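Read-outs throughout are calculated quantities, based only on the coordinates presented, and are distinct from any laboratory measurement. Small disclaimer: the values here were computed from a predicted structure and weren't measured. Cβ placement follows ideal geometry from the backbone for every residue including glycine, while neighbour counts extend to all protein chains displayed.
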Amino acid sequence: MPAKPGLLSAAAALGLLCVVVVATAWQSDDAYITFRTAENLWTGWGLRWNPIERVQSFTSPLWLLVATACRALFGELYFSTLVVGALITLVAATLLLHEGKDSWRAVAIVLLLSTSAAVVDYATSGLENPLLYLLLVLVVLEARRASEPGFPLRVALLTSALTLTRPDAVLFVLPILLWTMVAQRRNPRTWQTLVLGLSPLGLWLLFSLFYFGSPVPNTALAKLNVDIPGSALALQGLHYLMDGVRHDPVTIALIVAGVALASWRGDRSQRLLAAGVALYLIYVVRIGGDFMSGRFLAGPAVACAALLVCLPRAELAPPTPYVLVSVVFGLLLYGALWPHSPWLTRLDYGRGFEADQIVRGHGIADERAYYYPTTGLLPVLTARKQIRARELPLPPYRGAQVGLRFRDEADSVATMNEVGFFGYFAGPEKTIIDVWALSDPLLARLQFRPDGPWRIGHYPRRIPEGYVETRRAGASAFRDGDIARLYAAIEIVTQGPLLAEGRLSEIWRLNTGYYRSIQRDRGYR
């Protein structure tokens, strides 16, 4: 058997990945938080979640642009973003196969990716993961050309793109970016190119600070403004990694192998990227991981897959035919038999699951199992006639149906703890108060203090007395004077004219801790 499988095997591996991604395609509620803003942007309401205020309820500016383009070109966001997410993932895999010159290693790694529940699950979830996959592959491929002219500019541009895809993704490239800065510290021209490459990120941060009143997304304020001991969060983060070990061992093995082999056998740039992956994983543990099983492991897995493809061939001898047959057979066997393998997804995946099969130990959930029965591509296509006959939304998830009904109600304000589908289908003229605070500028700034068991990523705030009435009437009805003062500052920043008197000073106060005592002492449990 040849050491180089050739185009046919590469095409087969890519085709298998395509089939698996399409078969498992689904969308999450969190995706529609971004989609509501994309809809509002395209229809003329601006970069807004609620029509009356400027709040960055989306984490990824670049993915928001992709979603807005889908809305503009295709007139809808369900099918178009599913297709675009799958295509971007396949482009990333194609780059790996091309860079590996269709070698046995590249084909085996693409096969591995098709068995990774984390990578496959979030290729089509409606979140920004596919864009993250592509950019991470490009970073690893670019690192092979670190000695070539123009590398500082390219790595800086990729750093901007990664950070604008996910702010925490900057950790992947931070070591190699810092090394470039140190190595070129006496070259003014290199520093100029670095500044040029980082300028898109800098411009966005300045725009975000001026337009939204915060340089970081409102989602970050909501999830990081918590009064939970760091040790408890770190322990939850370790549970998140162990959830991956138990339910998605291929992903964990891919990450471990990529970091270890790149650190041992890779060149300096690859070792720096391996350090970036390790730094990102430390961060994931530090913040407690996530409630979506595998979501924060998918990016590291793709980065490590790219590192393994790009390791110098001289360092890893080609396998014997016996080893090659064993590896391929093992992968096929794992994909076909492992209970959590994405290869085994059926039309009824998630339907009839017990609660503890979806939300597993420590509050970490199989999100695809929860949403797939009503937002999965194949179930939706299968039930398309019934959906049309009953005049249900696409997808027919219950939150979308409730939101569609609320669109026709007289009330203009709703308080919800699952706002994505509901908010998108309720329409832009409704004001949605998000209990999780992801899209609410006041609640996100009130520190979350658990007084009992808590679930990672779900930090509900008690609604301050008078807040709903304030939203309905457009005039303060708060019972708490300090909360009223904080909201008045937020109102100036998010609802007032951009150049209103006092707005810039309130932006300064909100971002420098002026209201910290109110935010901490009035934290609602």
Notebook entry, point to check: What is the set of long-range amide H partners of Phe448 at a cut-off below 5 Å, with H atoms built 1.01 Å from backbone N?
Noted result: Val226, Asp227
Next item on the list: At a Cα cut-off below 18 Å, give the aspartates and glutamates reachable from Lys101, other chains included and same-chain residues fewer than 8 away excluded.
Entry: Glu142, Glu315
Check: Between Val256 and Tyr514, what FRET efficiency follows from the Cβ-Cβ distance if R0 is 51 Å, with the result rounded to 0.05?
Finding: 0.65
Checklist line | Table column - 3J(HN,Hα) (Hz), segment 37-52, Karplus curve with 6.51, -1.76, 1.60, x for Gly and Pro | finding: 5, 4, 4, 5, 5, 5, 8, x, 7, x, 6, 9, 8, 8, x, 8
Next item on the list: Would you mind calculating the relative contact order of segment 330-390 from Cα pairs under 8 angstrom and at least 6 residues apart, reporting the percent as a whole number?
Entry: 24 percent
Next item on the list: Please determine, in degrees from 0 to 90 and to the nearest 10, the orientation of helix 78-99 with respect to the longest principal axis defined by the Cα atoms of the chain, where the helix direction is its Cα long axis.
Entry: 30 degrees
Check: Which of the trypsin sites (Lys or Arg not before Pro) across segment 370-405 are loop residues per DSSP, with 12 or fewer other Cβ within 10 Å?
Finding: Arg390
Check: What angle, in degrees between 0 and 90 and rounded to the nearest 10, separates the Cα long axis of helix 249-265 from the longest principal axis of the Cα atoms of the chain?
Finding: 70 degrees
Note to self: Counting other beta carbons within 10 Å of each residue's own, what order do Leu47, Leu17, Leu392 fall into, fewest first?
What the structure shows: Leu392, Leu47, Leu17
Check: Using the Cβ atoms and a cut-off under 15 Å, what net charge is assigned to the surroundings of Asn50, where Lys and Arg are +1 and Asp and Glu are -1?
Finding: 0
Note to self: Using only the alpha-carbon atoms, how far is helix 151-165 inclined from the longest principal axis of the chain? Give it as 0 to 90 degrees, nearest 10.
What the structure shows: 50 degrees
Checklist line | Residues whose placed amide H lies under 5 Å from that of Met292, excluding near-sequence neighbours | finding: Ala365
Next item on the list: Considering the convex hull of the alpha carbon atoms of segment 1-102, report its projected area averaged over all viewing directions, in nm², one decimal.
Entry: 7.9 nm²
Check: So what is the calculated 222 nm ellipticity per residue for the chain, using -39500 (n - 2.57) for each DSSP H run with n of 4 or more, over all residues, to the nearest 500 deg cm²/dmol?
Finding: -19500 deg cm²/dmol
Item checked: segment 411-525 shape via C-alpha gyration tensor axes, a/c threshold 1.5 -> oblate
Check: What FRET efficiency, computed as 1/(1 + (r/R0)^6) with R0 = 41 Å and r the Cβ-Cβ distance, is obtained for Arg390 and Ile463, rounded to the nearest 0.05?
Finding: 0.75
Margin query: Projecting each Cα onto the charge dipole of the chain (Lys/Arg +1, Asp/Glu -1 at the beta carbon, about the Cα centre), which of His340, Trp191, Gly350 comes out farthest on the positive side?
Written below: Trp191
Check: Each residue of segment 198-211 in turn: what ³J(HN,Hα) in whole Hz from Karplus with 6.51, -1.76, 1.60 and θ = phi - 60°, glycine and Pro shown as x?
Finding: 8, 4, x, 5, x, 5, 5, 4, 5, 4, 4, 4, 6, 7
Checklist line | FRET efficiency estimate (nearest 0.05) - Cβ-Cβ, Ala500 to Tyr334, R0 51 angstrom | finding: 0.30
Notebook entry, point to check: Each residue of segment 111-124 in order: what ³J(HN,Hα) in whole Hz does its phi give by Karplus 6.51 cos²θ - 1.76 cosθ + 1.60, θ = phi - 60°, with x for Gly and Pro?
Noted result: 4, 4, 4, 5, 9, 7, 4, 5, 5, 5, 4, 9, 6, 9
Checklist line | Highest-first arrangement of 409-418, 363-372, where packing means the average Cβ count within 10 Å | finding: 363-372, 409-418
Check: Using a cut-off of 19 Å between alpha-carbon atoms, which aspartates and glutamates can reach Lys385, once sequence neighbours fewer than 8 places away in the same chain are excluded?
Finding: Glu76, Asp348
Checklist line | Pair-distance profile P(r), taking every C-alpha pair of the chain, with 20 angstrom steps and integer % | finding: 21, 54, 23, 2
Margin query: Given an 8 Å cut-off on Cα distances and at least 6 residues of separation, report the relative contact order of the chain as a percent.
Written below: 20 percent
Notebook entry, point to check: Using modelled amide H (1.01 Å from N, peptide plane; none on Pro or chain starts), what sits under 5 Å from the amide H of His458, excluding residues fewer than 5 places away?
Noted result: none
